[in-house]
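Since every read-out is calculated from the coordinates, none of them should be taken as a lab result. For clarity, every value in this text was computed on a predicted model and none was experimentally measured. Cβ placement follows ideal geometry from the backbone for every residue including glycine, while neighbour counts extend to all protein chains displayed.
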Amino acid sequence: MHFGFDDTTNELIERVNAFMDAEVYPAEATLKEQIAENERNDVWSFPPIVMELRAKAKAQGLWNFFDPSEHGAGLTNLQYAPIAEITGRSIQMAPAAFNCAAPDTGNMEVLGMFGTDEQKKTWLEPLLAGDIRSAFAMTEPQVASSDATNVELSIVRDGDDYVINGRKWWITGAMNPDCTIFIVMGKTDPTAARHRQQSQILVPRDTPGLEIVRGMHVFGYHDRDHGGHAEMRFTDVRVPASNLIGGEGEGFAIAQARLGPGRIHHCMRSLGIAERAIEMMSKRAADRVAFGKPIAEQGVVRDWIAESRVRVEQLRLLILKTAWLMDTVGNRGAHSEIQAIKIATPQTVEWILDKAIQVHGAGGLSQDFPLAEWFAGMRTLRFADGPDEVHKNALAKAEIKKWA
């Protein structure tokens, strides 16, 4: 494994950093104001400043970095890793500005890999262009969705249509009115083998019987910057059979194909959050005085900063190794490493954010700094794309299998 990035990556790093410095960081204060205004007016669409940045980024060709296919920038996972980290430094705005925000990224990957020509033309092309948004509806309130085979929403064939009934929640981006298409996972055959019961199907937002029940809060945050999270109800929702993605019984396999890249993308962006938290912690420690001397001279604070640097460097190496393996031996060959970074990243970055909040004192808990919201998001990541315990169990089983 080589530790230097290639010329393509280095050029993109320079261009993305320049865009962040010129456009993104100066716009963060405006974003904060516009999100507050959206909350007052109960608006869930992208804040106007994000739309402005998307237009500028697209005009400069800084677009669809996540997609390795001919539809996107054509980057490998290893090439995308440092770009995603940079965007993570302004997590509420930068990923969306470059059209690299979840859940659209995963949905575009699904449509690119498994969609029909008609599905690609109708939904993938406008998603790649940034004209619409999408959501992935898998998690349900009535079952333990950490086991995806538990999903109960029914998808029943009726002539040339499928009829859908059931409930979903924590559907990220669904509150945004620009979210015009949902990829919905449910059961087409409850009597089939356990991993062949599920299918995925496309449901347009305006389909009769699809109801947005409510927006959901994350530790009190609305997450309006990316369209929030919704609870949804499907009542006799009827869509054409041609909306099925892949074939009946392929839903679980498609979900696994979707989640592999999604997990590493989350981890890449989280490095940017960690780096910015370390910067904020260091600056705050140097600026604030307690008990007659700068906080930076307190041994415990220096220990936190040093430990944060060590932990984030260790984490970055593991993520880069995982990206390299995904590129060289495929997602299946990198399965253990993908699980390892999904376990390590939220816990590591959560620890760093906790120390940064502590250094900021009461301010760290407030809306005056982004640390508390970042912390809430990082704690959420310990559930998203599979909870820690599921990944630990699978990783341990693979390790034991080597010697059993």
**Prompt:** In the neighborhood of residue 338, defined by Cβ-to-Cβ distances under 14 Å, what is the net charge if each Lys or Arg adds +1 and each Asp or Glu adds -1?
**Reply:** +2
**Asked** R0 = 35 Å: FRET efficiency of residue 379 with residue 235, Cβ-based, nearest 0.05?
**Response** 0.60
**Summed residue charge, Cβ within 11 Å of residue 251's Cβ, Lys/Arg positive, Asp/Glu negative** = 0
**Asked** Between residue 76 and residue 15, what is the spin-label point distance in nm, taking each point 7 Å from the Cα along the Cα→C-beta axis?
**Response** 1.9
**Request:** Please give, to one decimal in nm, the separation of the simple spin-label points placed at residue 161 and residue 358, each 7 Å out from Cα toward the Cβ.
**Result:** 5.8
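Expressed as cubic angstrom per residue, what is the convex hull volume of the alpha carbon set of the range 124-250?
Details: hull volume 13.8 nm³, N = 127.
Looking at the range 124-250, the number lands at 109 Å³ per residue.
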**For a label point 7 Å along the Cα-to-beta-carbon line of residue 313, residues of the range 234-275 with backbone N under 15 Å** = 275
**Request:** Mind giving me the nanometre distance, one decimal, between the label points for residue 59 and residue 365, set 7 Å out from Cα along Cα→Cβ?
**Result:** 4.5
**CD proxy at 222 nm, helix term only [per DSSP H run n ≥ 4: -39500 (n - 2.57); per residue of the chain; nearest 500]** = -16000 deg cm²/dmol
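How long is the gain from residue 5 to residue 336 if the chain were fully straight, where each residue apart is worth 0.36 nm and the alpha carbon distance is subtracted? Display every interim value, and only then the final one.
Working: separation 331, 0.36 × 331 = 119.16 nm, distance 2.39 nm.
Going from the current span to full extension adds 116.8 nm.
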**Principal-axis tilt of helix 104-114 within the chain, Cα atoms, nearest 10 degrees** = 40
**Message:** Give the lysines reachable from residue 58 as a straight Cα distance under 22 Å; neighbours fewer than 8 places away on the same chain don't count.
**Reply:** 120, 121
**Message:** Under 10 Å, Cα contacts only: if you run a Gaussian network model on the chain, which one of 105, 122, 172 comes out with the highest mean-square fluctuation?
**Reply:** 122
**Request:** Provide, for the range 252-401, the number of lysine pairs with alpha carbons under 18 Å apart, each pair being eight or more places apart or on different chains.
**Result:** 6
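Between residue 30 and residue 116, how high is the FRET efficiency from 1/(1 + (r/R0)^6) when r is the Cβ-Cβ distance and R₀ = 45 Å? Nearest 0.05. Please report the intermediate quantities before stating the final value.
Numbers: r = 41 Å, r/R0 = 0.91.
E(calc), rounded to 0.05, equals 0.65.
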**Fill in**
Here, trypsin sites (Lys or Arg not before Pro) of the range 346-404 satisfying both criteria (DSSP loop; at most 10 other Cβ within 10 Å) are 402
**Prompt:** Mind checking the angle between helix 77-88 and the chain's longest principal axis? C-alpha axes, 0 to 90 degrees, to the nearest 10.
**Reply:** 60
**Prompt:** Cα extents of the range 124-176 along the three principal axes, largest first, in whole Å?
**Reply:** 34, 32, 18
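Work out the FRET efficiency for residue 403 and residue 297 from their Cβ-Cβ distance, taking R0 = 60 Å, and round it to the nearest 0.05. Present the calculation step by step, with values, prior to reporting the outcome.
On the way: r = 49 Å, r/R0 = 0.82.
Computed FRET efficiency for residue 403 and residue 297: 0.75.
Suppose we take every Cα in the range 245-306 and form the convex hull; what volume per residue is that in Å³? Each step should come with its number before you reach the end.
Details: hull volume 6.5 nm³, N = 62.
Residue-normalised Cα hull volume stands at 105 Å³.
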**Asked** Could you give the angle, 0 to 90 degrees to the nearest 10, between helix 48-59's Cα long axis and the longest principal axis of the Cα atoms of the chain?
**Response** 80
**Asked** If you average over every viewing direction, what projected area does the convex hull of the Cα atoms of the range 252-401 give, in nm²?
**Response** 9.9
**Asked** Toward the positive end of the charge dipole of the range 178-260, about the Cα centre and with charges on Cβ (Lys, Arg +1; Asp, Glu -1), which of 208, 259, 198 goes farthest?
**Response** 198
**Asked** From the list (i) 35, 24, 22; (ii) 40, 23, 20; (iii) 45, 30, 21, can you say which value of semi-axes √(5λ) of the Cα gyration tensor in Å was derived from the structure given?
**Response** (i)
